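The values are calculated or read from the model by the stated rules, or taken from the named source; none is laboratory data. In this text, all values refer to a predicted model and were calculated from it rather than measured experimentally. Note that each Cβ is placed from the backbone with ideal geometry, even for glycine, and that neighbours are counted across all protein chains shown. For accessibility, only protein heavy atoms count, side chains too; no ligands or nucleic acids. Shrake-Rupley method; radii C 1.70, N 1.55, O 1.52, S 1.80 Å.
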Protein chains: 2
Amino acid sequence: MYSKLTHLQSTFTADCVIFGFEEGELKVLLVERNEYPYKDWWALPGFFVEHSETIDNAVERILYEHTGLRNIFMEQLYTFGDLKRHPQGRVITVAYYALLRLKGQSTLKPHSTYVRQAVWHPVENLPELAFDHAHIIDRSLEKIRQNIKSTPIAFELLPEKFTLTQLQKVYEAILGIALDKRNFRKKMLNYNFLKELDEKQQGVSYRAAKLYKFDKRKYAKIFQNDLSFKK
Amino acid sequence: MYSKLTHLQSTFTADCVIFGFEEGELKVLLVERNEYPYKDWWALPGFFVEHSETIDNAVERILYEHTGLRNIFMEQLYTFGDLKRHPQGRVITVAYYALLRLKGQSTLKPHSTYVRQAVWHPVENLPELAFDHAHIIDRSLEKIRQNIKSTPIAFELLPEKFTLTQLQKVYEAILGIALDKRNFRKKMLNYNFLKELDEKQQGVSYRAAKLYKFDKRKYAKIFQNDLSFKK
DNA sequence: TCAAAAGTGTTTTCCTTACACCCATGC
DNA sequence: GCATGGGTGTAAGGAAAACACTTTTGA
């Protein structure tokens, strides 16, 4: 069995890039490390992948141990294997990313002594990061900037019921540009995958906006046509 | 150093999905294995990643040893780590893909005894493959189908000088659909990154078509605007 | 002269963009 | 009554799509 051939073994870890959206800002979840190397530094939640688990299972487990978060759908981003990315030798890491609805908790409780705390940081203002994690976050940002144009990831960052202005702010935060309100609404509503609710925003000191829901089924129906190209 | 912690070591390999285009068909390069497991089966060129090399270096080396090909620009596709993908235990593999100009050689000489020969196979008619390699090829195909719509990968499959019909055939082979000749030409020429040459096709028994070149510089200039969004 | 592929325009439809003012609400 | 964001329409331009016949060439 290959696992006996130690010269053909690699050190292999997984890192999680978890994005959230709050106060009009895109945020990323960082942990404060309690282990060498990079003890006391901020880093992405990440750890070794065990023999007995798939990579998907590993990132799920690692995220839970480092942040207490569970059942988060993560997607693979890229695998990094530069010789110098880890001070103690060549460590290959596979990065996963996810988008999350924030619910007010700005600090999360780790279930592991390897990290002290997990805190949301605005992507526009990150501390210095361990390893090549700044680079990994940059790559994740590129990825979600691409994806937001072709997939409904924006809705993963919002509560179930949201206003069109909130939705627009997500697009603006991720793309880093200002969008035209009328054009944005026209376009979104034309897609026909938003369900207008009979409810309005609560507790605002100005005209309350209508609430909408994202309709996954309609979205799937519309974009199953992904495969039906025109000539 | 981590490499001493054997329980935290993983078996890690790299596989190469190399596409080519010939006779109006998309082809993929497969090797006939001369090693267990899956001795005598067709498989993707792939092998262990060593401690001392980056992943990019590893795929370059492995491709050379298995096929004799060198200096091929490959891009990372995805990392696969299912528990059952390898009969001898959990082996993580990172897959890379590349697109190549074929030059007539349908069989390539391996520089390694691990494989017997490397042969181009039409993607529409593949033999049964070792491991999860059929799945990896499917994923690569999805990727290039996406990429061909937004990047100039089609030109990597063609000779330097090509006709518009040849170019159209590449798009049709990858997308798997028939395209309208007039619309295709109009669109391609409108992009302004094709340079019309003063040469024509040679040796055909019908009206010879004009030859074109892909102009990388113009392409880069036009699509640097990638970042300049409109409101 | 025939076979094979090259080459060519117009119309319609739809999406994108630009742009500015009134409305409802809470304080 | 004022500040704050909510909400709305139209015109112009450009890309995508549908669609069929003539021309060139070599055999």
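A few points about this structure:
- Boolean, A:Lys161 is more than 15 Å from DNA strand C (Cβ to nearest atom), charged (D, E, K, R), over 16 Å from A:Glu25 (Cα atoms) and under 17 Å from the mean Cα position of the chain (by Cα): no
- Of residues in the stretch A:1-35 being within 14 Å of another protein chain (Cβ to nearest Cβ), modelled with pLDDT under 95 and under 25 Å from the mean Cα position of the chain (by Cα), the one farthest from A:Leu126 (Cα to Cα): A:Thr11
- Cβ pairs under 8 Å, 6+ apart, first in the stretch A:147-160 and over 11 Å from A:Lys216 (Cα atoms), second assigned to a loop (DSSP other than H, G, I, E, B) and open to solvent by less than 10 Å² (accessible area, probe 1.4 Å): A:Ala154/A:Ile148
- Of the residues in the stretch A:132-146, at least one is in a helix (DSSP H, G or I) and within 19 Å of A:Tyr191 (Cα to Cα).
- Residue match in the stretch A:105-125 (condition: touching a helix residue (DSSP H, G or I) at 6+ places or on another chain (Cβ under 7 Å), of a type in the set (Gly, Ala, Ser) and either loosely packed, with under 15 Cβ neighbours inside 10 Å or within 14 Å of chain B (Cβ to nearest Cβ) (or both)): no
- Number of positions in the stretch A:161-181 that are of a type in the set (A, V, I, L, M), touching a helix residue (DSSP H, G or I) at 6+ places or on another chain (Cβ under 8 Å) and free of Cβ contacts under 8 Å to residues at least 40 places away in the same chain: 3
- The sole residue among A:Ala178, A:Ala220, A:Ala173, A:Ala154 that is in contact with an Asp or Glu (Cβ under 7 Å, 6 or more places away or on another chain) and more than 15 Å from DNA strand C (Cβ to nearest atom) is A:Ala173.
- Pairs with Cβ under 8 Å, 6+ apart, first in the stretch B:36-61 and without any contact (Cβ under 8 Å) to a residue 24 or more places away in the chain and more than 9 Å from chain A (Cβ to nearest Cβ), second crowded, with 16+ Cβ neighbours inside 10 Å and not in a helix (DSSP H, G or I): B:Lys39/B:Arg33; B:Asp40/B:Glu32; B:Asp40/B:Arg33; B:Glu60/B:Ile72; B:Glu60/B:Met74; B:Arg61/B:Glu53
Yes/no matrix, rows are residues, columns are (1) at pLDDT 95 or above; (2) not in a strand (DSSP E or B):
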| residue | (1), (2) |
| --- | --- |
| A:Gln166 | yes, yes |
| A:Tyr171 | yes, yes |
| A:Leu197 | yes, no |
| A:Gly203 | no, yes |
| A:Tyr219 | no, yes |
| A:Gln224 | no, yes |
| A:Phe229 | no, yes |
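- Filter result (of a type in the set (Val, Ile, Thr) and over 24 Å from B:Gly20 (Cα atoms)) within the stretch B:169-222: B:Ile222
- Here is the figure for the stretch B:79-96: residues that are surrounded by fewer than 18 Cβ atoms within 10 Å (Cβ to Cβ), on the phi < 0 side of the Ramachandran plot and at the interface with another protein chain (Cβ under 9 Å from one of its Cβ atoms) total 3.
- Residue list for the stretch B:62-93, filter: more than 15 Å from the chain's Cα centre (by Cα) and free of Cβ contacts under 8 Å to residues at least 12 places away in the same chain: B:Leu83, B:Lys84
- Candidates in the stretch B:126-168 are the residues that are within 26 Å of B:Tyr206 (Cα to Cα) and away from DNA strand D (no atom under 16 Å from the Cβ); of these, the one that is surrounded by the fewest Cβ atoms within 10 Å (Cβ to Cβ) is B:Glu160.
- Residues satisfying the stated conditions in the stretch B:182-221, i.e. within 14 Å of chain A (Cβ to nearest Cβ) and either touching a residue at least 60 places away in the same chain (Cβ under 8 Å) or within 8 Å of DNA strand D (Cβ to nearest atom) (or both): B:Arg182, B:Asn183, B:Lys186, B:Lys187
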